[in-house]
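Here's the structure we're looking at; comments come further down.
The values are calculated or read from the model by the stated rules, or taken from the named source; none is laboratory data. Small disclaimer: the values here were computed from a predicted structure and weren't measured. Cβ placement follows ideal geometry from the backbone for every residue including glycine, while neighbour counts extend to all protein chains displayed. What goes into the accessible areas is simple: the full protein's heavy atoms, side chains included, and nothing from ligands, DNA or RNA. Shrake-Rupley method; radii C 1.70, N 1.55, O 1.52, S 1.80 Å.
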Amino acid sequence: MASKPTTIIDLARLSLSHGEGVRLDLPLRLEPLELGGQTYVPQGGELQARLGISRPSSGYAFRLRFPLRVQGPCMRCLEGAAVETEVDAREVDQSDTEDEELRSPYVVDDELDLGRWVHDAAVLALPDQILCRPDCAGLCPVCGESLNDANPALHEHSSARDPRWAKLDELKLD
């Protein structure tokens with residue numbers, strides 16, 4: 001029987017002494033991601049993540065790893081697209097400092113918010129543009145037809161100027 005996905009880890013209950021560490025294999029659930037106004041859905045159901053927690057001299061060091069596959073629309077032509085990647089994220093939370101670089105936004109009162117970290121790590125691991133294929137040509141800016149399937153010799157439009165720009169022709173810049 002699969003265990004329930006975990007989103008909050010109580011760090012105090014781990015009872016780690018300085019210099020100790022633990023590795024946890026956890027089932028996680030990732031909600032759909034919103035990128036560029038489009039929704040990208042994680043595939044494969046529950047994610048199996050490996051979380052490493054170590055206790056340096058003060059605070060904690062974390063490493064989160066999991067495979068990620070999302071599907072959604074291509075950012076150029078809106079056809080179906082999928083991305084597969086490995087997420088490998090690290091965080092540090094030093095309790096005795098005011099330096100923001102050494103404080104994790106995912107740790108509050110000795111609790112690690114794994115759900116938020118998984119979401120943010122997934123978004124950061126994805127490419128800048130999710131495409132149906134690397135050479136996706138996108139959509140025609142005039143008629144909206146997919147340029148991936150269009151024959152360039154047959155896909156032409158008149159070069160007539162947009163009438164909304166006509167007044168600019170009268171502008172004299174001397």
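Limited to segment 13-35, what total is found for residues that are within 12 Å of Ile53 (Cβ to Cβ), open to solvent by less than 60 Å² (accessible area, probe 1.4 Å) and out of contact with any Lys or Arg (no Cβ under 6 Å at 6 or more places or on another chain)?
Adding up the residues that qualify gives 5.
Among the residues of segment 71-87, which ones are aliphatic (A, V, I, L, M), open to solvent by 30 Å² or more (accessible area, probe 1.4 Å) and at negative phi?
Met75, Ala82, listed by residue number.
Which residues, taken from segment 88-131, are in contact with a Phe, Trp or Tyr (Cβ under 7 Å, 6 or more places away or on another chain), over 17 Å from Leu14 (Cα atoms) and either surrounded by fewer than 12 Cβ atoms within 10 Å (Cβ to Cβ) or of a type in the set (D, E, K, R) (or both)?
Selection gives Arg90, Glu91, Arg116.
Looking at segment 16-43 only, could you name the residues that are over 30 Å from Ser57 (Cβ atoms) and in a loop (DSSP other than H, G, I, E, B)?
Once the filter is applied, which keeps residues that are over 30 Å from Ser57 (Cβ atoms) and in a loop (DSSP other than H, G, I, E, B), segment 16-43 yields Arg29, Leu30, Glu31, Pro32, Gly36, Gly37, Gln43.
Looking at the structure I just gave you, is Leu126 out of contact with any helix residue (DSSP H, G or I) (no Cβ under 6 Å at 6 or more places or on another chain) and touching a residue at least 24 places away in the same chain (Cβ under 8 Å)?
Yes.
Please work out which one of (1) in contact with an Asp or Glu (Cβ under 7 Å, 6 or more places away or on another chain); (2) of a type in the set (A, V, I, L, M); (3) free of Cβ contacts under 8 Å to residues at least 60 places away in the same chain is the condition Val107 fails and give its number.
Among (1) in contact with an Asp or Glu (Cβ under 7 Å, 6 or more places away or on another chain); (2) of a type in the set (A, V, I, L, M); (3) free of Cβ contacts under 8 Å to residues at least 60 places away in the same chain, the lone unmet condition for Val107 is (3).
Quick one: how many residues across segment 36-70 are open to solvent by 50 Å² or more (accessible area, probe 1.4 Å), in contact with a Gly (Cβ under 8 Å, 6 or more places away or on another chain) and over 27 Å from Leu16 (Cβ atoms)?
Counting residues in segment 36-70 that are open to solvent by 50 Å² or more (accessible area, probe 1.4 Å), in contact with a Gly (Cβ under 8 Å, 6 or more places away or on another chain) and over 27 Å from Leu16 (Cβ atoms) gives 4.
Within the group Ala160, Ala150, Ala125, Ala166, which residue is modelled with pLDDT of 90 or more and among the small types (Gly, Ala, Ser)?
The conditions single out Ala125.
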